[in-house]
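Worksheet for the structure shown next.
The values are calculated or read from the model by the stated rules, or taken from the named source; none is laboratory data. These numbers come from a predicted model, not from an experiment. Quick reminder, even Gly has a Cβ in these numbers, built from the backbone with ideal geometry, and neighbours come from all protein chains shown. Side chains are part of the model used for accessible areas, which takes the heavy atoms of the whole protein and leaves out ligands, DNA and RNA. Shrake-Rupley method; radii C 1.70, N 1.55, O 1.52, S 1.80 Å.
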Amino acid sequence: MEILQNLHSYLAYAVLAVLVLAVFNAFTGWLGKREFAMHKDLRLSLFALILSHIQLLVGLVVYFVSANGLKAIQTLGMGGLNSASRLLALEHPVTNILAIAFITIGWSRHKKTDDSTTKFKRIALLYGVGLVLILSRIPWGQWFG
Ligand code: HEM
């Protein structure tokens, strides 16, 4: 099942890159009062939504197959986790599920208005919160290590 762990690890670059672009684009659109364009702004935010959902699914599978996911809790018990194992088995999964919920809400809320500035604002804020949450719980040491 190493292939899924590798996939999760590599997909993370794409997810983060596209999310950063989508958040940046939404902030500039909002503050610059641009017209929300279907071919560019909608596609970019949809692409970020889809990639983060694929990463969520792969992450869920990794959680159940990896020794660092559910198995770590089963072997060590909640109290036996140290800060590194707690990050992988608990904080990273829970925070990222929450982050992707924020991103999904941002996507559906932007569709509920026809006003371009409001669309950008909703994506900027809700995708932005999602991105900050994701960045706060990346196992940086293990990823680059
Ligand atoms: C956008 C969301 C996510 C991003 C950007 C992300 C990114 C990452 C990265 C960079 C790693 C380290 C990979 C490595 O060691 O090379 C990792 C590990 C891990 N992720 Fe995620 N992840 C996300 C969502 C999730 C979700 C939703 C879950 C579970 C429900 C999850 C479960 C895990 C687990 C269990 C590991 C440890 C794997 C192992 O060491 O065997 N991830 N993730």
Original post:
Measuring from a point 7 Å past the Cα of residue 118 along Cα-to-C-beta, which residues in the stretch 3-28 have an amide N at less than 20 Å?
Top reply: 26-28
**OP:** Pop out the carbon and sulfur fraction of the accessible area of the stretch 2-144 as a percent, whole number, probe 1.4 Å.
**Re:** 69 percent
Original post:
Where only protein heavy atoms count, and the probe is 1.4 Å, what is the accessible area per residue for the stretch 2-144 in Å²?
Top reply: 56 Å²
Subject >> Inverse of mean 1/r across different Cα pairs in the stretch 95-145, Kirkwood, Å >> reply: 11.6 Å
**OP:** Considering Cα pairs under 8 angstrom that are at least six residues apart, work out the relative contact order of the stretch 1-114 and quote it in whole percent.
**Re:** 28 percent
Original post:
Once the Cα atoms of helix 116-136 and of the chain are each reduced to a long axis, what angle between those two axes, in degrees from 0 to 90 to the nearest 10, is obtained?
Top reply: 20 degrees
Original post:
Helix 2-31 versus the longest principal axis of the chain: what angle, 0 to 90°, nearest 10, using Cα atoms?
Top reply: 30 degrees
**OP:** With the Cα gyration tensor of the chain in hand, give its eigenvalues times 5 under a square root as the equivalent ellipsoid semi-axes, listed largest first in whole angstrom.
**Re:** 33, 14, 12
Original post:
At 4 °C and 1.567 mPa s, what whole-number value in µm²/s does Stokes-Einstein give for the translational diffusion of the stretch 1-62, with Rh from the Kirkwood sum over Cα pairs?
Top reply: 103 µm²/s
Original post:
What is the helix-to-structure angle for 43-65, meaning the angle in degrees between its Cα long axis and the longest Cα principal axis of the chain, kept from 0 to 90 and rounded to the nearest 10?
Top reply: 10 degrees
**OP:** Run down the lysines and flag those whose C-alpha is under 24 Å from the C-alpha of residue 112, throwing out any fewer than 8 positions away in its chain.
**Re:** 33, 40, 121
Original post:
Per-residue HN-Hα couplings for the stretch 104-111, Karplus 6.51 cos²θ - 1.76 cosθ + 1.60 at θ = phi - 60°, whole Hz, x for Gly and Pro?
Top reply: 5, 5, x, 4, 6, 5, 5, 6
**OP:** Give me the distance in nm between label points sitting 7 Å out from Cα along the Cα-to-Cβ direction at residue 64 and residue 84, one decimal.
**Re:** 2.8 nm
Original post:
Roughly how many Å² of residue 44 are accessible to a 1.4 Å probe, to the nearest 10?
Top reply: 40 Å²
Subject >> Cross-link partners of residue 71 among aspartates and glutamates (Cα-Cα below 17 Å; sequence separation of 8 or more within a chain) >> reply: 2, 91
